[in-house]
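Notes for the one structure printed next.
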Amino acid sequence: MPRAPRPGRPSVTIGDVARVAGVSRATASRALNDSPLVTEETKGRVRDAVRETGFVMNAQGRALAVGRAESVAILVTEPLDELFQDPTYASILRGITEGLAETPTLPILLQASSDAEHRRALRHFERHTVDAVIDISPYVGGDMLEALKGGTLPVVLCGQLEGQPYEGIFASVFADDVRGARLAGARMAERGRRRVAVINGPLDNPAAADRLVGYRQALDGIFDDDLSVSTGWDSSSGFDAMRRLLEAHPDIDGLLAGSDRIAVGAIAALELAGRSVPRDVSVIGFDDHAVAATSTPPLTTVRQPMRDEGRIAAELALAMVDGEPPRTVVLEMELIERASV
């Protein structure tokens, strides 16, 4: 084992502590600053080395080790154009700010869609410039979460954790997409529609994958894979997908759309093809964004409580900062009846 310098000597440096602990200088420094990216076992070794060497932290280092930043990072791994175009994110962000409004904690938006941005975000976390992280992106996993998994920084995911390696480590809050899709599919079947198309979002998105499961369950016996496509979440993608489906399957009499924006684009394609909504084709969207109430006709849709999701995510983050264990909260959806079915 490396020999420790004599305690209290001015020559004792962070390098001496690192050598005795068997870690790099950077790791020793992070451990002394209580970085969430350093394991508790390593922090313990570094603390033992501090006692053995007599190393004394300066006042700034001690403050970092025991203080709070009074800020929460909102992590976004989506491209910025998607962040500002998709109303879902605005609803979640509004909920987070409401959840933090009566506290001294401020939200900090961290964009991390590229490798360089990932590294920049991790540097912030290593310096303990935030007390917790709320990941509002839909894709669970990646190097970022793997790095956070081994640390002590509280993490809340706006997404499902069941079956993921982060279950029991991170907190999570999400809406039950399978049940929401079942509500939509059941309403379509109740209406008597038999040739029901599905225009869903990208299936690598967990929400889209869960909605497809729900649609299949509700349309048991009449679900047709040839009428089910995956596309972008926006209205232009919905328009193009609906047009292609109509060309191949002109007998379509129902549409389940994975988002309200998809539904609005699809309705435009139906009108262009001379198909009336809801007389010829029933349409049900998903999300209940503002466009659903103002579309022509007003859109029947599945309401997602995204504002509640953001507020609860903030509450979960603050609870973990106060030492509470991670929890999972599942939110219910509801079918909002308007005039498109």
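The values are calculated or read from the model by the stated rules, or taken from the named source; none is laboratory data. What you see is a predicted model; the values in this text were computed from it and never measured. Note that we place each Cβ from the backbone using ideal geometry, even for glycine, and neighbour counts take in every protein chain shown.
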Going through Ala184, Ala207 one at a time, which residue ends up being crowded, with 21+ Cβ neighbours inside 10 Å, among the small types (Gly, Ala, Ser) and modelled with pLDDT under 95?
Ala207
If you take the residues of the stretch 219-240 that are free of Cβ contacts under 8 Å to residues at least 60 places away in the same chain and in a loop (DSSP other than H, G, I, E, B), which of them is farthest from Arg195 (Cα to Cα)?
Gly232
Could you go through the stretch 288-304 and let me know if any residue there is surrounded by 19 or more Cβ atoms within 10 Å (Cβ to Cβ) and closer than 18 Å to Glu82 by Cβ.
yes
Hey, does the stretch 266-278 have a residue that's at pLDDT 95 or above, within 27 Å of the chain's Cα centre (by Cα) and surrounded by 18 or more Cβ atoms within 10 Å (Cβ to Cβ)?
yes
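Here is a yes/no grid of residues against (1) more than 23 Å from Ile108 (Cβ to Cβ); (2) touching a strand residue (DSSP E or B) at 6+ places or on another chain (Cβ under 8 Å):
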position	(1), (2)
Ala257	yes, yes
Ser282	yes, yes
Phe286	yes, yes
Thr301	yes, yes
Arg311	no, no
Ala317	no, yes
Val330	yes, yes
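Okay, residues lined up against (1) over 26 Å from Thr328 (Cβ atoms); (2) modelled with pLDDT of 80 or more:
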position	(1), (2)
Thr27	yes, yes
Pro36	no, no
Thr39	no, yes
Thr53	yes, yes
Leu75	no, yes
Ala90	no, yes
Leu106	no, yes
Leu122	no, yes
Give Gly95, Gly99 a once-over and let me know the one that is among the small types (Gly, Ala, Ser), buried (at least 16 other Cβ atoms within 10 Å of the Cβ) and more than 24 Å from Trp233 (Cβ to Cβ).
Gly99
Sort out which residues of the stretch 318-335 are farther than 29 Å from Gly180 by Cα and touching a Gly at 6+ places or on another chain (Cβ under 6 Å), and write them in order of number.
none
Matching residues, the stretch 250-298, being closer than 16 Å to Arg211 by Cβ and in a loop (DSSP other than H, G, I, E, B)
Gly258, Ser259, Asp288, His289
Take the residues in the stretch 241-265 that are closer than 14 Å to Val198 by Cβ and of a type in the set (Val, Ile, Thr), then tell me which one is surrounded by the most Cβ atoms within 10 Å (Cβ to Cβ).
Ile262
In the list Val330, Val321, which residue meets the criterion of being among the hydrophobic types (A, V, I, L, M, F, W, C), surrounded by fewer than 14 Cβ atoms within 10 Å (Cβ to Cβ) and under 25 Å from the mean Cα position of the chain (by Cα)?
Val330
For Ile312, only one of the following conditions fails: (1) buried (at least 18 other Cβ atoms within 10 Å of the Cβ); (2) β-branched (Val, Ile, Thr); (3) within 25 Å of Asp86 (Cα to Cα); (4) not assigned by the TED database to the domain that holds Glu98. What is its number?
(4)
Considering each residue of the stretch 12-38, count those that are β-branched (Val, Ile, Thr), part of a helix (DSSP H, G or I) and in contact (Cβ under 8 Å) with a residue 24 or more places away in the chain, and give that number.
3
Pair list, Cβ under 7 Å, 6 or more apart: the stretch 245-257 residue in the same structural domain as Arg211 (by the TED database) and of a type in the set (Gly, Ala, Ser), other residue surrounded by 20 or more Cβ atoms within 10 Å (Cβ to Cβ) and in a strand (DSSP E or B)
Gly254/Val196; Gly254/Ala197; Gly254/Ser282; Ala257/Ile199; Ala257/Val283; Ala257/Ile284; Ala257/Gly285; Ala257/Phe286
